[in-house]
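A.B. asks: Take this structure first; my questions come after.
The values are calculated or read from the model by the stated rules, or taken from the named source; none is laboratory data. These numbers come from a predicted model, not from an experiment. All Cβ positions, even for glycine, are placed from backbone atoms using ideal geometry, and neighbour counts span all protein chains on display. In case anyone asks, the SASA skips ligands and DNA or RNA and just uses the protein heavy atoms, side chains included. Shrake-Rupley method; radii C 1.70, N 1.55, O 1.52, S 1.80 Å.
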Amino acid sequence: MKEYRTINRIAGPLLFVQKTEPIGYGELVNITLADGSTKRGQVLDTSDELVVVQVFETTAGIGRDSGVRFTGEAIKMPVGREMLGRILSGGGKPIDGGPEIVPEKRLDITGAAINPYARGSPEDFIQTGISTIDGTNTLVRGQKLPIFSAAGLPHNNIALQIARQAKVPGSTEEFAVVFAAMGITKEEANAFMQDFERTGALERAVVFLNLADDPAVERTITPRLALTTAEYLAFELGMHVLVILTDMTNYCEALRQIGAAREEVPGRRGYPGYMYTDLASIYERAGIIKGGKGSVTQIPILTMPGDDITHPIPDLTGYITEGQIVVSRELHRKGIYPPINVLPSLSRLMNLGIGEGHTREDHKKVSDQLYAAYAEGNDLRGLVAIVGKDALSERDRMFLEFADLFEGKFVRQGIDEDRTIGEGTLDLGWNLLATLPVEQLSRIDRELIEKYHPKFRAK
Amino acid sequence: MEVTETKNQAGGVLKRVAGPVVTAVGLDAHMYDVVKVGNEELMGEVIKVDGEAIIIQVYEDTTGLRPGEPVENTGLSLAVELGPGLLTSIYDGIQRPLAVLVDKMGSFIERGVSAPGIPRDKKWEFRPLVKAGDEVKPGSIIGEVQETNIVHRIMVPPNVKGGKIRSIQGGSYTVEETVATLEDGTEIQMMQRWPVRVPRPVGEKKNPTIPLITGQRILDGLFPIAKGGTAAIPGPFGSGKTVTQQQLAKWSDAEIVVYIGCGERGNEMTEVLTEFPELQDPKSGKPLMERTILIANTSNMPVAAREASVYTGITIAEYFRDMGYDVSLMADSTSRWAEAMREISSRLEEMPGEEGYPAYLAARLSEFYERSGLVTTLNGDSGSVSVIGAVSPPGGDFSEPVTQNTLRIVKVFWALDAKLSQRRHFPSINWLNSYSLYLDSLSDWYDREVSPEWNLLRTWAMEVLQKESELQEIVQLVGSDALPEAEQITIEVARLIREVFLQQNAYDAVDTFCSMSKQYDMMKAIRAYADQAYAAQAAGVTPTQIITIKAKNDLPQVKFVQDYGPMLDGILKSMEAEFTQLRSSA
């Protein structure tokens, strides 16, 4: 392998190398510094005269005297069953003091797209034990369901609670958690690690850590390494893998940084025009293969800058993922945990995983009715602020009270409270709906009301 | 889509690779020629000629391509294969059948694999409809094949001159075998190719007068689209675009449905792929899949193929239209298509227009929608392509370029509203912002086929809804008790229209499709309540009593019952009885 010493220009994370032989697009590059240390990079643009290399680590120490070797292959990730229980850097190197990983396979980290025709239908209900997810925004295996949060909100606790409690009722198949941290603080990382250790989840987990002070550019490969690992565990070893990616906002910032360094024409708010395609190449790596055993379920977490859901990061994410769980500052201020606002939250695959044979026949209609009643009550709060409670009709007052009850009982639950879907969540929903007159439950057919409504059940 | 015939052209070499756009030199190529790039012969298309440099968008992943690898011009433009075998197919953006790709390369999409758009080895039973000596023109139907429950008509390709038929014979043929020969020696096969970026010729474009019945109350009832018309469904994520598009694909009374999943979610395409084959046409009872062609280019498949997928879809739609069919085409989502254009454009370093979109965005959009229409085909039949495009505006902001440029062209606007979907009002189409410009041209049809009363009922319902929105502003300020009595009733009537008529459950086996006659009966029942309510109020009954009438609470249940007649009659009777009692005690 030839070493070039023809670096012409260094700008941010990019190296411009001249006079090379033909170099393949996307190749892995090794850079040797004067002191003998090495760094890694990837080819972003290749032509006869100039090759542009993106370096995954800091470019500190790289000079025109540094050597560049092109490896002739795309970036590959060594994977194996042994990775379970290990902690790796954002670049995929062990950082837990343990031995190097002996790979069973080396896989291309970009990952090919799953042929839509080969996808299996995601329909296995995952019980997270959290009512606002199980009851009204159900997660299913193979889904990608992000948590839209913002600075200062307990999204990490919610993610941990999901990781801890998530199970498919009645299933004994092997599961694993792949956790990828991008640009989170050491403190946050510790909280995750301690929780994994406390609950013994670490044994079944592969952890990738790119912390806030690690090179930003490395963040662009961390989720790809994590997903390559997850795909191996799922599609080759047949495990059900839950992938937690946090924080995708930091990932997007890194993308913007590279775009600016390449002097690209920026899209909205300075993010690159191809950010949708780039994010899709991460999020779409969730799913099930028809006839296969395992599955990849993704819970990406992102913090919305300025709590703005129309910001390009949550916006593009929402257009790719199958719904979103929105964490609300207002509920958090009221002291409600988990502060999940169900109104803007959504699970697009919910209908595939609920109902008879999955959860319970009344699930869909109870969920719709809870939504409708809570939305109505919530709207009335604005009205009360103007005209006072006395001006409301009796019907309106009932819905107003329902909204408070819903937040206090259905949304609020303990950080270790693991509710079952039937008795824990749906029956709770019925108890709340029972505070409204039966004829107001227009979303539920008579039959189900007679079967499940507490008033009729009591008889 | 396979390009078989390669002309001998001077070969070029790759000069630069940066993502999906590559540069070649030494290539003799014209705009939109299909080229084979690199040692793996990846498929690409020429999109810019700049002196010696030929700029190519590649339809597959370019990782590993090196400068110096060969580039070969096929001399053909990007074309689709049209013929028996199209129906029930599932393609990627460049007409490669996904099922065949699974057989060739497993569950993941690798590159450098080509597959013919329609099967070559399958034999079809060809029945001639003309005989030797007959005169045929371009577009003439010369025979037919029973493809599924749909008859596939075999036409003289539009680019063949026509003339007298020398020989034609029925029998079992593959799509490449000659079924007829003309006097001048031209051989006609069942398969024809057509370049996707060129509209197929028609006799004459006509103004549409028949609605595309979709079984969705808010669409058929309030904002209908005509067969051959255009509609846009813009809405933020989570507002129900995809569900609405899928409902249209399932239930619209078109004879052929082309569904383009352009840059959308893989799992949602799977839902379509697993669900469609199980659904039955409410009229014929045949599987809906038999009339459907799906194009699935998910968001993580190559961006250039996403750009092409929309053209692939519309060309297939036009082909069936030319046979005299009513075709409806759903594109979900045109924003993803526009973004693909933007991505390619920015890689070409073109001067960007609004929000980074290329300056030709408006032109491309209008060219696409203009390929819809009700036409007289070259053969003299009537056929149509209705185009329904979903738009995904960033942040739900309708002032962005794709929505605005789309609205300038389309005649029907179904505005999705996140607020409605949050309160689980589905379909979450906002009745105040939406419109249909076909109302006048379709009103005769409604008079004739539904009831002479229907147009009046629709106008009445829209007035009530409009009035309600004005009243709600007052209620927000002073509370509902402060409204005059008659207006409290208006609010209640509007609530019934919203909850009974407009809300529709796509997941309920019965409510998912609502016939026009049922829509009429439901609206008439609401009107009956309204008329009696106003009369009772005039006779001195208090609004509270009127609003608490019990019978009307059963109205929503009508939606979920197939044979709703007896139930609805019962409700109307007990409602009348309740009103009579109220009035007598007032």
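A.B. asks: Protein chains only, probe 1.4 Å: how do A:319, B:534 rank by accessible area, largest first? Before the final figure, lay out the partial values.
C.D. replies: Values: A:319 10, B:534 75 Å².
Ranked list, largest accessible area first: B:534, A:319.
A.B. asks: Let me ask something else about it. With every protein chain left in place and a probe of 1.4 Å, what is the accessible surface of residue B:286, to the nearest 10 Å²?
C.D. replies: Here the residue's solvent-accessible area equals roughly 90 Å².
A.B. asks: How far is the Cα center of region B:498-516 from the Cα center of region A:18-33, in Å?
C.D. replies: Using only Cα atoms to place each centre, the spacing works out to 60 Å.
A.B. asks: Under a 5 Å amide H to amide H cut-off, with H placed in plane at 1.01 Å, what residues pair with residue A:27 once short-range neighbours are removed?
C.D. replies: Those lying under 5 Å, H to H, from residue A:27 are A:43, B:64.
A.B. asks: Evaluate the relative contact order of region B:44-136 (contact order divided by residue number), counting alpha-carbon pairs under 8 angstrom at least 6 apart; express in whole percent.
C.D. replies: Numbers: 64 pairs, mean separation 18.7, N = 93.
Once normalised by length, the contact order is 20 percent.
A.B. asks: Could you work out the helix-only [θ] at 222 nm for chain A, with each DSSP H run of four or more residues adding -39,500 (n - 2.57) and the total divided by the number of residues, to the nearest 500 deg cm²/dmol? Provide the component values of the computation, followed by the final result.
C.D. replies: Details: 14 runs with 135 residues, N = 459.
One gets -8500 deg cm²/dmol as the mean residue ellipticity at 222 nm.
A.B. asks: Which percent of the accessible heavy-atom area of region B:199-247 goes to carbon and sulfur, probe 1.4 angstrom? Provide the component values of the computation, followed by the final result.
C.D. replies: Working: 650 of 1140 Å².
Carbon and sulfur: 57 percent of the exposed surface of region B:199-247.
A.B. asks: Related question: For the pair B and A, how large is the buried accessible area, both sides, in square angstrom to the nearest 100, if the probe is 1.4 Å? Please list the in-between numbers first.
C.D. replies: Values: alone 24120 and 19700 Å², together 37440 Å².
The B and A chains share an interface burying roughly 6400 Å².
A.B. asks: Where the only charges are on Cβ atoms (+1 Lys, Arg; -1 Asp, Glu), what is the dipole of the protein assembly as shown about its Cα centre, to the nearest 20 debye? List each step's numbers first, then the result.
C.D. replies: Details: 108 positive and 141 negative charges, 65 e Å.
Result for the protein assembly as shown is approximately 300 debye, rounded to the nearest 20.
A.B. asks: While we're on this one: If you roll a 1.4 Å probe over region A:315-459 with all protein chains in place, what percent of the accessible area is carbon or sulfur?
C.D. replies: Values: 2810 of 5780 Å².
Reported share for carbon and sulfur atoms: 49 percent.
A.B. asks: Using a 1.4 Å probe on the heavy atoms of the protein chains only, list every residue of region A:353-373 that has 40 Å² or more less accessible area in the complete assembly than in its chain alone.
C.D. replies: A:365, A:371
A.B. asks: Taking the Cα centre of each part, how many Å lie between region B:223-269 and region A:374-436?
C.D. replies: About 35 Å separates the Cα centre of region B:223-269 from the one of region A:374-436.
A.B. asks: Here is a follow-up. Residue A:264 to residue A:447: FRET efficiency via 1/(1 + (r/R0)^6), r the Cβ-Cβ distance, R0 45 Å, to the nearest 0.05?
C.D. replies: On the way: r = 59 Å, r/R0 = 1.31.
In this case the efficiency is close to 0.15.
A.B. asks: If you fit an axis through the alpha-carbon atoms of helix B:565-585 and take the longest principal axis of the Cα set of chain B, what angle between them do you get, 0 to 90°, nearest 10?
C.D. replies: Around 30 degrees separate the two axes.
A.B. asks: Hey, another quick one. How much area per residue is accessible in region B:201-341 when the probe is 1.4 Å and only protein heavy atoms are counted (Å²)?
C.D. replies: Numbers: 2620 Å² over 141 residues.
Heavy-atom SASA per residue in region B:201-341 reads 19 Å².
A.B. asks: How much accessible area per residue does chain A have, counting only protein heavy atoms and a probe of 1.4 Å, in square angstrom?
C.D. replies: On the way: 16550 Å² over 459 residues.
In whole numbers, chain A has 36 Å² accessible per residue.
A.B. asks: Now, a different point. So how strong a dipole does chain A carry about its Cα centre when Lys and Arg Cβ are +1 and Asp and Glu Cβ are -1, to the nearest 20 debye? Let's see the in-between values first.
C.D. replies: Working: 51 positive and 62 negative charges, 35 e Å.
In total the dipole reaches around 160 debye.
A.B. asks: How high is the FRET efficiency from residue A:16 to residue B:355, r the C-beta distance, R0 35 Å, rounded to 0.05?
C.D. replies: Numbers: r = 30 Å, r/R0 = 0.86.
Approximately 0.70, to the nearest 0.05.
A.B. asks: Also, I was wondering about something else. For residue B:80, list long-range residues whose amide hydrogen, built 1.01 Å from N in the peptide plane, is under 5 Å from its own amide hydrogen.
C.D. replies: B:194, B:196
A.B. asks: Which Cα, out of A:287, B:202, B:428, lies furthest along the positive dipole direction of the protein assembly as shown (beta carbon charges, K/R +1, D/E -1)?
C.D. replies: Farthest towards the positive end: A:287.
A.B. asks: How big is the charge dipole of region A:1-83 about its Cα centre, in debye rounded to the nearest 20, if each Lys and Arg gets +1 on its Cβ and each Asp and Glu gets -1 on its Cβ?
C.D. replies: Values: 10 positive and 11 negative charges, 27 e Å.
Rounded to the nearest 20 debye, it is 120 debye.
A.B. asks: Let me ask something else about it. Considering only protein heavy atoms, with the full assembly of protein chains and a 1.4 angstrom probe, order B:253, A:195 by accessible area, largest first. Let's see the in-between values first.
C.D. replies: Numbers: B:253 40, A:195 20 Å².
Sorted descending by solvent-accessible area, the residues read B:253, A:195.
A.B. asks: Taking accessible area as the heavy-atom solvent-accessible surface of the protein chains with a 1.4 Å probe, which residues of region B:254-276 lose no less than 10 Å² upon going from the isolated chain to the full protein assembly?
C.D. replies: So the qualifying set is B:265, B:266, B:267, B:268, B:270, B:271, B:273, B:274.
A.B. asks: Residue B:374: accessible area at probe 1.4 Å, nearest 10 Å²?
C.D. replies: Its accessible surface works out to 30 Å², give or take rounding.
A.B. asks: Still on this model: Can you tell which of B:551, B:251, B:582 lies farthest toward the positive end of the dipole of the protein assembly as shown, using +1 and -1 charges on the Cβ of basic and acidic side chains (Lys, Arg; Asp, Glu)?
C.D. replies: Most positive-ward Cα: B:551.
A.B. asks: What is the local net charge at residue B:418, summed over the other residues whose Cβ is closer than 13 Å to its Cβ (Lys, Arg +1; Asp, Glu -1)? Please list the in-between numbers first.
C.D. replies: Details: positive: B:241, B:419, B:423, B:424; negative: A:315, B:397, B:417.
Around residue B:418, the surrounding residues sum to +1.
A.B. asks: Still on this model: Kindly sort B:283, A:364 by accessible area of their heavy atoms, largest first, with the probe set to 1.4 Å. Provide the component values of the computation, followed by the final result.
C.D. replies: Values: B:283 145, A:364 50 Å².
Correct descending sequence by accessible area is B:283, A:364.
A.B. asks: Check cross-link reach from residue B:123 to the lysines: straight Cα distance under 28 Å, and skip same-chain residues fewer than eight apart.
C.D. replies: Those lysines meeting the cut-off are B:104, B:131, B:137, B:161, B:164, B:286.
A.B. asks: Please report the relative contact order for chain B, taking Cα pairs under 8 Å with a sequence separation of at least 6, and give it as a percent rounded to a whole number.
C.D. replies: On the way: 1240 pairs, mean separation 73.3, N = 586.
Reported relative contact order: 13 percent.
A.B. asks: When all protein chains stay in place, what accessible area (Å², nearest 10, 1.4 Å probe) is found for residue B:61?
C.D. replies: Looks like 80 Å² after rounding.
A.B. asks: Further question: Looking at this model, which pairs from B:518/B:550; A:451/B:573; A:451/B:559; A:364/B:250 are more than 26 angstrom apart at the alpha-carbon? Present the calculation step by step, with values, prior to reporting the outcome.
C.D. replies: Details: B:518/B:550 22 Å; A:451/B:573 28 Å; A:451/B:559 21 Å; A:364/B:250 21 Å.
As for pairs spanning more than 26 Å Cα to Cα, those are A:451/B:573.
A.B. asks: Just report the Cα centroid separation between region A:247-275 and region A:144-173, whole Å.
C.D. replies: Region A:247-275 and region A:144-173 have Cα centres spaced 28 Å from each other.
A.B. asks: Please report the carbon-and-sulfur percent of the accessible area for region B:447-585; probe 1.4 Å, protein heavy atoms only, DNA, RNA and ligands left out.
C.D. replies: Numbers: 3400 of 6350 Å².
Result for region B:447-585: 54 percent of the exposed heavy-atom area is carbon or sulfur.
A.B. asks: So, one more: Report the relative contact order of region A:1-56, percent, no decimals, based on alpha-carbon pairs under 8 angstrom and at least 6 residues apart. If you can, show how the numbers build up before the last one.
C.D. replies: Details: 107 pairs, mean separation 19.0, N = 56.
The value is 34 percent.
A.B. asks: Of A:10, B:413, B:141, which is farthest along the charge dipole of the protein assembly as shown in the positive direction, counting Lys and Arg as +1 and Asp and Glu as -1 at C-beta?
C.D. replies: The residue sitting most towards the positive pole is B:141.
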